[in-house]
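Undergrad: Starting off with a structure, shown below.
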Amino acid sequence: MAVLEVNSSNTKNEASGLTTVKQNRGGLEGVVAATTALSKVEGAAGRLIYRGYSVRDLAHTTTFEEIAHLLWFGHLPNRAELSDLKARLAAERTLPEVALAALRILPPETAPMDALRTAISAWGACAIQNKPTLEQAIALTARFPLILAAFYRLRIGLDPLDARPELGNAANYLYLMHGRMPAEEFVRALDSYMVMLSDHGMNASTFTARVVASTESDMASAIVAAIGALKGPLHGGAPSKVLDMLRAIGTIEQSEEWLRDTITGGGRLMGFGHRIYKTTDPRSEELKELARLANSHDLALAKHVEERALALLDELKPGHEIHTNVEFYSSVVLDAVGLPGDFFTPTFAASRIIGWTAHVLEQSANNRLIRPNSDYIGPLQAHFVPIDERSN
Ligand code: ACO
């Protein structure tokens, strides 16, 4: 594989290998790892596009199913195409027996992301072995909410419910969790959230999925690996920690001291900062709008914490351009629509699944093994000593 050394951090990748920067700060910063027609993150401009469309426009005007069609098929669907895709998703909204069995043996205190990863792995072992296909992408997307809702209900001693064929993805998810028809404004808010979280360039979990796909492994393995990458707090694990942070702060009066102490103590404020965005994440502005669904205390506290956090990060971390990221208001919105805190990251996964699967399909269609280099910094000529002669 060709590994190019360049001076710029934004060089177009011609081969399907990796392009590296000299003087990198680790973390593959500035590395172009793939060619994609799916989404583009414009970090300086604060813009995110899916196949040419601004996500800020799509968030108001489309549904999750339309974005699935856009990412998988390459264009926004007409009415007939949309109803065909909805029917295919509805047909897959059944909980695989093996996934349910796996959920049943997990202790109730299992983190829902771990439960999701385990259920997908168990189901994948039995059902998803071949070259990645669109049918697998549809089945995975349809079943993520079922698996999550089933685990939620099992852990509180309730039986999982059957999906309702007349409901779409977001409405089914809320219905399957709580066993009652969700309010329309909650469905719409969750749908907008899922549209906005569907894809995001070469983020850590998508990269992970593409690396696995590039070895010609199967779709389930790529998605299980992506779930593992997403759950870390530096990636998708942040939103429940935002909620924890807001609860720990508690009141507007205590926020200044809490935030200052955290930053000066070397801690990170959850929901702030991003590798690519050096301005406000466009999704965070839309989510701030949706956060009006929250109760007035929670919303006022979140807005105040955001304002003070930005001012303090500017003062105490000058030059780093740390802005509000997608996770800050995600936590307020997901809390407002009635999802438990430890289901925030799994809900992110249930949105990103269409991006992950689209990337796996894109990688598989034009594959070259992703295999970067490393800079070895250890000794080159160590003297070998037999085990019985070693003193330490
Ligand atoms: N709070 C306090 N300081 C921060 C924060 C933050 N949220 N983010 C970055 N910094 C500081 C770092 O401490 C560092 O300062 P230093 O040079 O004085 O040590 C400097 O900014 C640069 O930080 P890096 O870690 O090099 O920046 P990187 O691009 O690797 O970090 C990241 C991006 C991981 C998202 C970071 O901003 C962070 O940890 N944020 C908090 C967690 C979070 O919100 N994660 C969700 C990200 S969005 C997503 O993945 C969907």
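Undergrad: 5 Å is the cut-off here: which amide hydrogens, built 1.01 Å from N in the peptide plane, fall below it relative to R47, excluding neighbours closer than 5 in sequence?
TA: E42
Undergrad: Below 8 Å, C-alpha to C-alpha, sequence gap of six or more: please give me the relative contact order for segment 145-243 in percent.
TA: Values: 75 pairs, mean separation 16.1, N = 99.
Normalised by residue count, the contact order of segment 145-243 is 16 percent.
Undergrad: Any idea of I387's accessible area? Nearest 10 Å², probe 1.4 Å.
TA: Answer for I387: close to 120 Å² accessible.
Undergrad: With charges only on Cβ, +1 for K and R and -1 for D and E, what is the dipole size of the chain about its Cα centre, in debye, rounded to 20?
TA: Approximately 500 debye in magnitude.
Undergrad: Would you list which aspartates and glutamates come within 12 Å of K40, measuring only between C-alpha atoms, while excluding same-chain residues fewer than 8 positions from it?
TA: D199
Undergrad: If you don't mind, there's one more thing I want to ask. For a 27 Å ceiling on Cα separation, which of these pairs sit above it: K86/K241; K231/K278; K278/K303; K241/K278? Mind showing how you got there, number by number?
TA: Values: K86/K241 34 Å; K231/K278 23 Å; K278/K303 20 Å; K241/K278 22 Å.
Violating the 27 Å Cα-Cα cut-off are K86/K241.
Undergrad: Still on this structure, please answer the following. Quick one: grab the alpha carbon gyration tensor of segment 242-335, order the square roots of its eigenvalues as a ≥ b ≥ c, and give me rounded if a/c is under 1.5, else prolate or oblate depending on whether a/b is larger than b/c.
TA: oblate
Undergrad: Okay, moving on. I'd like the FRET efficiency for H297 and A125, computed as 1/(1 + (r/R0)^6) with the beta carbon distance as r and R0 of 56 Å, rounded to 0.05.
TA: Computed FRET efficiency for H297 and A125 comes out at 0.75.
Undergrad: Which percent of Cα-Cα pairs in the chain sits in each 20 Å bin, short to long?
TA: Values per bin, smallest distances first: 27, 56, 16, 2.
Undergrad: For the chain, what % of the accessible area comes from carbon and sulfur atoms, probe 1.4 Å?
TA: 51
Undergrad: Distance from the Cα centre of segment 66-131 to that of segment 216-244, in angstrom?
TA: What the calculation gives is 16 Å, centre to centre.
Undergrad: Return one whole number: the accessible area per residue of segment 242-335 in Å², for a 1.4 Å probe.
TA: 48
Undergrad: Right, next: Under a 1.4 Å probe, what is the accessible area of segment 62-151 per residue, stated in Å²?
TA: That works out to 41 Å² for each residue.
Undergrad: So, for segment 154-194, what is the accessible surface per residue at a probe of 1.4 Å, expressed in square angstrom?
TA: Spelled out: the 1.4 Å probe surface of segment 154-194, per residue, equals 48 Å².
Undergrad: May I ask you to derive the relative contact order of segment 242-335, considering only C-alpha pairs under 8 Å and at least 6 residues apart, and to give it as an integer percent?
TA: For segment 242-335, the relative contact order is 45 percent.
Undergrad: Suppose each label sits 7 Å from its Cα in the direction of the beta carbon; what would the E257-E307 distance come out to in nanometres?
TA: 2.1
Undergrad: May I ask you to derive the relative contact order of the chain, considering only C-alpha pairs under 8 Å and at least 6 residues apart, and to give it as an integer percent?
TA: So the answer I get is 22 percent.
Undergrad: Where in the chain are the helices, taken as whole DSSP H runs, whose Cα atoms extend 24 angstrom or more along the long axis and whose Kyte-Doolittle mean reaches at least -1.0? Don't skip to the end; give the middle numbers.
TA: Numbers: long enough: 134-155 (32 Å, 0.84); 296-316 (29 Å, 0.05); 344-365 (32 Å, 0.39).
Span-like helices in the chain: 134-155, 296-316, 344-365.
Undergrad: Which of the trypsin sites (Lys or Arg not before Pro) found in segment 302-392 are in a DSSP loop and have at most 16 neighbouring Cβ atoms, other than their own, within 10 Å?
TA: Those that pass, being in a loop and sparsely packed, are R368, R390.
Undergrad: Report, in deg cm²/dmol and to the nearest 500, the calculated mean residue ellipticity at 222 nm for the chain, where each DSSP H run with n ≥ 4 adds -39500 (n - 2.57) and the sum is divided by the residue count.
TA: Details: 16 runs with 211 residues, N = 392.
Roughly -17000 deg cm²/dmol at 222 nm, from the helical runs in the chain.
The values are calculated or read from the model by the stated rules, or taken from the named source; none is laboratory data. A quick note: this is a predicted structure, and the numbers were derived from the prediction, not measured. Virtual Cβ from ideal backbone geometry, glycine too; neighbours counted across all protein chains shown. Surface accessibility is based on the protein's heavy atoms, side chains included, excluding ligands, DNA and RNA. Shrake-Rupley method; radii C 1.70, N 1.55, O 1.52, S 1.80 Å.
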